[in-house]
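Participant: Have a look at this one.
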Amino acid sequence: MSNAENPFTVIESRLDRLENLLLELKERPTEKEPDDRCDINTVCELLGTPGNPVSRALVYGETHKGSMPHMRFGGRLIFSRRAVIEWRDSRTSAKEFKSVSDSVAASADKKFR
């Protein structure tokens, strides 16, 4: 800074640069993803239907067989939410579901033949 420059002008230009840098940081997407780790209770909810989780015994059985992705931390089972969802989706077939009335009608039709 030369002696002839107004100190307030210098401060204002620095503040403008700081403001621009802060705006850039604010607009930058967050790189940290939400925690992917989950416990057995969360896995039971992920694998079940809303309000009707699968049993802990089923999850323990699948981990014991080695078919479900998991890690052990001490005596606890730790799961990756993404890996469990991928595992679930790979085991779910894309069957078309019939309505209950169609199933009942088909069953009744078989009985009368």
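The values are calculated or read from the model by the stated rules, or taken from the named source; none is laboratory data. For clarity, every value in this text was computed on a predicted model and none was experimentally measured. Neighbour counts are summed over all protein chains in view; Cβ atoms, including those assigned to glycine, are modelled from backbone coordinates with ideal geometry.
Participant: Tell me which residues, restricted to the stretch 1-47, are surrounded by 11 or more Cβ atoms within 10 Å (Cβ to Cβ), part of a loop (DSSP other than H, G, I, E, B) and either basic (Lys, Arg) or at pLDDT 90 or above (or both).
Facilitator: Answer for the stretch 1-47, where residues must be surrounded by 11 or more Cβ atoms within 10 Å (Cβ to Cβ), part of a loop (DSSP other than H, G, I, E, B) and either basic (Lys, Arg) or at pLDDT 90 or above (or both): just Asp39.
Participant: Here's something else I'd like to know. Picking from Lys98, Lys110, Lys65, which residue would you name as being modelled with pLDDT of 90 or more, exposed (fewer than 12 other Cβ atoms within 10 Å of the Cβ) and basic (Lys, Arg)?
Facilitator: Going through Lys98, Lys110, Lys65 in turn, just one is modelled with pLDDT of 90 or more, exposed (fewer than 12 other Cβ atoms within 10 Å of the Cβ) and basic (Lys, Arg): Lys65.
Participant: How do the pairs read when you match residues in the stretch 65-93 that are over 11 Å from Asp39 (Cα atoms) with residues anywhere that are assigned to a loop (DSSP other than H, G, I, E, B) and of a type in the set (A, V, I, L, M), using Cβ under 6 Å and keeping only pairs 6 or more apart or on different chains?
Facilitator: Cβ pairs passing all conditions: Trp87/Met68.
Participant: Give just the number: which of (1) part of a helix (DSSP H, G or I); (2) within 18 Å of Arg91 (Cβ to Cβ) does Ser67 not satisfy?
Facilitator: Failing condition for Ser67: (1).
Participant: Among the residues of the stretch 70-95, what is the count of those that are of a type outside the set (D, E, K, R) and either surrounded by fewer than 12 Cβ atoms within 10 Å (Cβ to Cβ) or part of a loop (DSSP other than H, G, I, E, B) (or both)?
Facilitator: 8
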